[in-house]
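Structure first, commentary second.
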Amino acid sequence: MGFSALILMMLLATLLLYLSSKQQALLSEPLAKAPYRYLAYMLLLTTLLGWNLLLSTTAAFFLWLMLLGTCLGMAPFVSLLRESPLK
C-alpha cells in the first residue's frame, strides 16, 4: 500500500466515524452504528498496520496519531460545504 492509499483509507474511516455519530450535521440522520462504526475501526487498525509496514514502529504510530487527530478535527467542517444548512 502506498502513502496515498493509506491516507484515503484514514479519511474514509474518520468520515464513517463522524457520520455514525449522533452529533454529526451532514446527514439528517446518522448512519447505523453497528456496521459503519465497526468498519471504521477496522479500517483504522488496517491503516496502522499499513503505516507500520512502510515506516518504523514509532514513526508509524505517531504519523497515524497525527493524521487521525487532523482528520477527526476537520470532519465537522465538512458539513459547511453543503448548499443549504440544516434546519
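Since every read-out is calculated from the coordinates, none of them should be taken as a lab result. All of these numbers come straight from a predicted model, not from anything done at the bench. All Cβ positions, even for glycine, are placed from backbone atoms using ideal geometry, and neighbour counts span all protein chains on display.
In this structure, K33 qualifies as surrounded by 11 or more Cβ atoms within 10 Å (Cβ to Cβ), over 9 Å from the mean Cα position of the chain (by Cα) and of a type in the set (K, R).
Any chance the stretch 67-74 includes a residue that's in contact (Cβ under 8 Å) with a residue 60 or more places away in the chain and under 18 Å from L8 (Cβ atoms)? So far as the stretch 67-74 goes, yes, one or more of its residues are in contact (Cβ under 8 Å) with a residue 60 or more places away in the chain and under 18 Å from L8 (Cβ atoms).
Just a yes or no: is a residue in the stretch 9-17 of a type outside the set (A, V, I, L, M, F, W, C), part of a loop (DSSP other than H, G, I, E, B) and surrounded by 13 or more Cβ atoms within 10 Å (Cβ to Cβ)? There is no residue in the stretch 9-17 that is of a type outside the set (A, V, I, L, M, F, W, C), part of a loop (DSSP other than H, G, I, E, B) and surrounded by 13 or more Cβ atoms within 10 Å (Cβ to Cβ).
Residues that are more than 16 Å from V78 (Cα to Cα), outside any helix (DSSP H, G or I) and free of Cβ contacts under 8 Å to residues at least 12 places away in the same chain within the stretch 18-56 comprise L55, S56, listed in sequence order. Note on the stretch 1-17: residues that are hydroxyl-bearing (S, T, Y) and touching a residue at least 12 places away in the same chain (Cβ under 8 Å) total 1. Based on this model, can you work out whether L53 counts as within 20 Å of L8 (Cβ to Cβ), surrounded by fewer than 11 Cβ atoms within 10 Å (Cβ to Cβ), of a type outside the set (S, T, Y) and in contact with a helix residue (DSSP H, G or I) (Cβ under 9 Å, 6 or more places away or on another chain)? It is true that L53 is within 20 Å of L8 (Cβ to Cβ), surrounded by fewer than 11 Cβ atoms within 10 Å (Cβ to Cβ), of a type outside the set (S, T, Y) and in contact with a helix residue (DSSP H, G or I) (Cβ under 9 Å, 6 or more places away or on another chain).
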